[in-house]
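Worksheet: the structure to be examined is printed underneath.
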Amino acid sequence: MLNELSWDTYVLPAEALLWRADVERASGLTVHLMRDDEMSGAEGEAWSEPGLRAVVLAGAAPAPGDTMTIVHELGHLKLETQGWPHCYLCHEDARWIDWHYGLISDLVSLIEHQSFFPAMLRMGLDPYAASEADLADADVLDELRNLAPSLPLPGLKPDWAITMQLLRALLECGPQTAEAILRDAAQLGPEVRMARELSSIIRTAPQTPQGFTTAMRDCWRAMGFAEDTLCVGEEEAETPSLNILAAGA
């Protein structure tokens with residue numbers, strides 16, 4: 001169930017308030033702050049739809065990390081005002097899109113984070129702390145290894161879930177923590193190699209809309225997917241497609 005919240009409930013950094021103002025000015029819409037007590041799998045989401053801009057917090061009650069989540073999701077919304085394009089998965093089979101949606105959403109998020117996480121640090125917020133805490137726990141990789149065989153999804157390698165977690169470690173953990181995680185995952189050779197390749201592509205891409213587009217296409221190509229299954233900054237095709245706006249803290 002969705003409930004509207006008052007922005008006055010939270011004291012946000014001045015720069016984050018400017019982000020919200022930028023989104024409202026660019027979209028001509030009020031950015032709503034809401035809570036969804038049925039949301040699972042993320043601390044929050046950024047919603048950008050025709051006639052709607054919103055930051056949505058997960059859970060039924062306030063949480064200690066709410067301020068971090070709000071600023072994080074405002075960061076995703078702000079990139080849209082700066083011309084960062086939406087991504088679409090394009091395929092004649094809607095099931096293929098459904099199977100790949102989580103993968104592409106993770107990739108979009110990780111690339112976008114490189115742009116606004118440094119600004120969050122300037123605000124006194126450490127967006128890297130959650131990744132450090134989650135991924136430094138070896139149980140995460142154990143859970144992923146156990147999960148992979150249970151995902152017989154046609155057309156989607158189960159090990160992409162592990163690859164995205166290793167990529168998150170490389171991009172959002174300190175070098176020592178990241179290398180320790182990848183050493184622990186050494187037996188996952190293909191996933192480690194792919195995570196390193198994607199990390200290199202993302203780190204060298206300019207933090208601009210054009211750089212984002214290049215990084216997305218280069219990563220998609222490196223992952224072995226057909227180029228025409230990824231549309232960046234284009235109108236949705238008549239074939240089944242899903243719009244990706246990065247979300248999740």
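Considering only Cα atoms, the convex hull volume of the stretch 1-110 works out to 124 Å³ per residue. The slack between Ala133 and Glu49, meaning 0.36 nm per residue of separation minus the straight C-alpha distance, is 27.0 nm.
The smallest convex shape that holds all Cα atoms of the stretch 13-70, its convex hull, gives 79 Å³ per residue. Between the beta carbons of Ala63 and Asp184, assuming R0 = 22 Å, the FRET efficiency works out to 0.15 to the nearest 0.05. Projected onto its three principal axes, the C-alpha set of the stretch 72-128 covers 45, 23, 14 Å, listed from the longest axis down. Quick one: go through the stretch 51-70 and flag any residue whose amide nitrogen is under 16 Å from the point 7 Å out along the Cα-to-Cβ line of Thr30. Residues passing the 16 Å test: 51-56. Assuming R0 = 51 Å, can you tell me the calculated FRET efficiency for the pair Arg95 and Arg122, based on Cβ-Cβ distance, to the nearest 0.05? In this case the efficiency is close to 0.75.
Every number here is computed from the coordinates shown, using simple stated rules; none is lab data. These numbers come from a predicted model, not from an experiment. Methodologically, a virtual Cβ is constructed for each residue, glycine included, from the backbone with ideal geometry; neighbour enumeration extends over all protein chains shown.
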